[in-house]
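The values are calculated or read from the model by the stated rules, or taken from the named source; none is laboratory data. Because the structure is a prediction, the values reported are computed rather than measured. Don't worry about glycine lacking a Cβ; one is built from the backbone with ideal geometry, like all the others, and counts go over all protein chains shown.
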Amino acid sequence: MSRDLDIVRSVAELRARVRYWRDQGLTIGMVPTMGALHQGHLSLVVKALEHADRVVTSVFVNPTQFGPNEDFSRYPRQEARDAELLEGAGCHLLFAPTVAEMYPDGFATSISVSGVSEGLCGDVRPGHFSGVATVVTKLLLQCLPDVAVFGEKDYQQLAVIRRFTRDLDIPVAILGAPTLREADGLAMSSRNAYLSAGDRAVAPALLRALTGIADGLRSGARASDLCPRAVGELLKAGFASVDYVEVRDADTLTPAETAERPVRILAAARLGATRLIDNIGCGG
Ligand code: AMP
């Protein structure tokens with residue numbers, strides 16, 4: 001039986017709803033998103049439902065995590081469809097605040113996380129992780145869920161979120177969830193909608209490059225040989241440019257040469273104007 005999904009737009013309404021559930025002894029899970037939802041996002045909702053009685057999904061296209069030349073204004077916004085998908089997945093509440101609700105006049109605070117925010121996407125997108133850390137801190141404090149679920153698709157982001165929740169004693173358990181992929185291996189992403197048919201056909205080469213590196217590491221080759229080769233393969237496949245292809249320690253995100261310990265192989269590359277990121281685990 002379907003039930004209507006409630007939508008709230010203010011922090012006060014969100015807190016009232018959470019208090020109502022808490023008074024009944026229920027636990028709360030949260031799934032922060034920027035909307036334009038796909039099955040990957042819905043898998044996070046399903047995971048949250050496994051760990052909590054009630055699930056709140058937030059949809060907020062956060063301006064502070066986009067650079068001046070990035071896609072904030074054209075980022076897909078489709079709230080009615082998102083609400084339908086969330087309802088079907090069993091989500092209980094959609095929190096969809098306005099920019100003014102999240103960043104009232106005079107807003108002057110930001111959370112910056114050193115170490116794990118540096119390198120990889122942190123170098124290519126200055127200020128991005130500070131924008132993410134600030135908005136996720138706010139969302140977690142607004143809702144104060146028991147658990148919050150984030151995708152491994154954004155692996156560095158997950159590491160940043162784990163770091164600041166621990167450092168700031170935010171009393172929320174952070175859960176990671178595996179990346180959902182299209183049949184040809186492309187990681188699901190709201191930004192895949194930007195791809196032309198030609199670029200969409202090239203896109204699976206990103207995962208192939210990562211799995212090629214994993215195979216190489218398993219047979220004893222070193223990251224410093226494998227990664228530059230993968231960059232060449234991506235350019236040859238039709239990517240316009242490659243931001244990085246790197247092997248990092250899966251826990252600390254420090255550079256790794258071999259897969260003796262668990263590593264993460266991470267890449268970001270551009271197809272036309274669209275920037276795709278992906279990563280896989282290996283070794284240990
Ligand atoms: P976004 O709306 O793209 O900022 O993503 C919201 C959440 O969904 C983040 O925790 C992402 O890591 C996660 N996510 C995005 N794509 C996927 C995917 N293909 N599989 C699993 N989780 C994902």
Practice item. Could you identify the single residue in Leu85, Leu94, Leu14 that is in contact with a helix residue (DSSP H, G or I) (Cβ under 9 Å, 6 or more places away or on another chain), more than 23 Å from Glu182 (Cα to Cα) and within 15 Å of the ligand (Cβ to nearest atom)? Key: Leu94
Check your understanding: Only one of (1) within 26 Å of Phe72 (Cα to Cα); (2) polar (S, T, N, Q); (3) surrounded by fewer than 16 Cβ atoms within 10 Å (Cβ to Cβ); (4) in contact with a helix residue (DSSP H, G or I) (Cβ under 9 Å, 6 or more places away or on another chain) is not met by Asn279, so which one is it?
Key -> (3)
Exercise for review: Hey, could you check region 1-11 for residues that are part of a strand (DSSP E or B) and of a type in the set (Val, Ile, Thr) and say which is nearest to the ligand (Cβ to nearest atom)?
Suggested key: Ile7
Check your understanding: Among the residues of region 181-194, is there at least one that is of a type in the set (Lys, Arg) and near the ligand (Cβ under 10 Å from one of its atoms)?
Key -> yes
Point to revise | Glu118 within 12 Å of the ligand (Cβ to nearest atom), surrounded by fewer than 18 Cβ atoms within 10 Å (Cβ to Cβ) and not assigned by TED's automatic domain parsing to the domain that holds Leu210 | key: no
Practice item. Within region 197-229, track down each residue that is within 23 Å of the chain's Cα centre (by Cα) and among the polar types (S, T, N, Q). Key: Thr211
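Can you tell me which residues in region 13-35 are more than 13 Å from the chain's Cα centre (by Cα) and of a type outside the set (D, E, K, R)?
Leu14, Ala16, Val18, Tyr20, Trp21, Gln24, Gly25, Leu26, Thr27, Ile28, Gly29, Met30
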